[in-house]
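Accompanying notes for the structure given below.
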Amino acid sequence: MKSFYQLLGISATIILASLALTSCKHQCEFTTQDAQKESVQLNDSIYSRIFGSQSCSPHKLVLRLPVNVNIKTEKQDKVLTSINYTPKITTLVTFSSNYKIFDISRIDEYANGFIYTNKDTCLAWKPSNDNKQQEQVLYLSMERNLQIRNPNIKSVIFLVSLPLEMKEAGVNITLERYVRDKDTSKVGAINYFNFSRQYPILKFLLRQKEKGRINASEAFHEGKQVSNEVAREFLEISDMGGVLLEHDLESMIEAKYKKTYLDSPESPACEIPKDLKQL
């Protein structure tokens, strides 16, 4: 009988520890409750800027992504201006392979191929609370990147690696796809992919990058030309267009919307959307 109570005590301890771990993954102590912005560079690790030092996940995520499927066709003798041009924009979303990692990488395509960009990516975010449900909501906003105007850039691919904590917590995701000019035909489709099967080289490089094992001479080095092997995968991603989501995300999407990004002044290059400030 004594051993039975000992076993019962051990089981209770394990259950309580498990509940504490689950609670930790849901309850975040964000660094601030105000809307924030960041000009993210290629190899920036931005997890701690948003979540601090705690390994956690909000209950809900509102993910605002830029998309521009169709490129305006211009005659070769007509000079494209920064006023009327936006490159094709495709956003691919996956999960990180380790805790406390949140990365955004940007790949630019020029006439001579894909380049690991030396430009910044604009990210804004805002923690909030759903008072009715008593749940934390995190808004991650990337739509400002629709202001990319460089006519020398044919297309842009954003690689978003969401924290592993969100995958394990099964966070509910609202997906908002933003386009310019109120033309929702440019939003394209939502496609789900199997990372290992469809883009194995890119997956390997991203995982090595997360572990800090990428040599600057190999990949994700600012201004470096993308190798032919991974460029083929980037071309397939760009040709597909729209938003590409790793298949694990499919069951986590609870709502999705098409929205229009309203142009704002070019300067500053990165700013917080007005509606995000008002949440």
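A few comments on the model shown:
- The GluC sites (Glu not before Pro) of the stretch 223-279 meeting both criteria, a DSSP state outside H, G, I, E and B (loop) and at most 13 other C-beta atoms within 10 angstrom of the site's C-beta, are GLU266.
- Taking SER161, SER39, SER141 as the candidate residues, the one with maximal mean-square fluctuation in a Gaussian network model of the chain, Cα springs under 10 Å, is SER39.
- Heavy atoms of ARG213: accessible area, 1.4 Å probe, square angstrom to 10: 150 Å²
- Protein accessible area in the stretch 88-230, 1.4 Å probe - carbon and sulfur %: 42 percent
- Checked against a 27 Å cut-off, the cross-linked pairs LYS211/LYS274; LYS60/LYS154; LYS88/LYS256; LYS209/LYS258; LYS154/LYS209; LYS100/LYS258 give Cα-Cα distances beyond that limit for LYS211/LYS274; LYS60/LYS154; LYS209/LYS258; LYS100/LYS258.
- Helical mean residue ellipticity (222 nm; -39500 (n - 2.57) per DSSP H run of 4+; nearest 500) of the chain: -7000 deg cm²/dmol
- Selection of chymotrypsin sites (Phe, Trp or Tyr not before Pro), the stretch 82-188, meeting DSSP coil and at most 14 other Cβ within 10 Å: TYR99
- Normalising the average separation of contacting C-alpha pairs (under 8 angstrom, six or more residues apart) by the number of residues puts the relative contact order of the stretch 85-148 at 25 percent.
- Cα-centre dipole for the chain with unit charges at Cβ (Lys and Arg positive, Asp and Glu negative), debye to 20: 140 debye
- Percentage relative contact order, the chain, counting C-alpha pairs under 8 Å, at least six apart: 27 percent
- Over the stretch 71-216, Cα pairs under 8 Å with separation of 6+ residues give a relative contact order of 31 percent.
- Taking 0.36 nm per residue of separation and subtracting the current Cα-Cα distance, fully stretching the chain between GLN27 and LYS132 would add 36.2 nm.
- For the stretch 182-265, the list of chymotrypsin sites (Phe, Trp or Tyr not before Pro) that fall in a loop by DSSP and count at most 11 other C-beta atoms within 10 angstrom is empty.
- Along the axis of the charge dipole computed for the chain (Cβ charges of +1 for Lys and Arg, -1 for Asp and Glu, origin at the Cα centre), the listed residues PHE220, PRO58, TYR99 are led at the positive end by PRO58.
- Estimated vicinal HN-Hα couplings, Hz - the stretch 148-158 in sequence order (Karplus 6.51, -1.76, 1.60; Gly, Pro = x): 5, 10, 4, x, 7, 8, 6, 8, 10, 10, 9
- Gap separating the Cα centres of the stretch 210-267 and the stretch 167-201, nearest whole Å: 10 Å
The values are calculated or read from the model by the stated rules, or taken from the named source; none is laboratory data. Not measured: the values here are computed from a predicted model. Cβ coordinates were reconstructed from backbone atoms using ideal geometry, including for glycine residues, and neighbour counts include every protein chain displayed. Accessible surface is based on the protein model in full, side chains and every heavy atom, while ligands, DNA and RNA are left aside. Shrake-Rupley method; radii C 1.70, N 1.55, O 1.52, S 1.80 Å.
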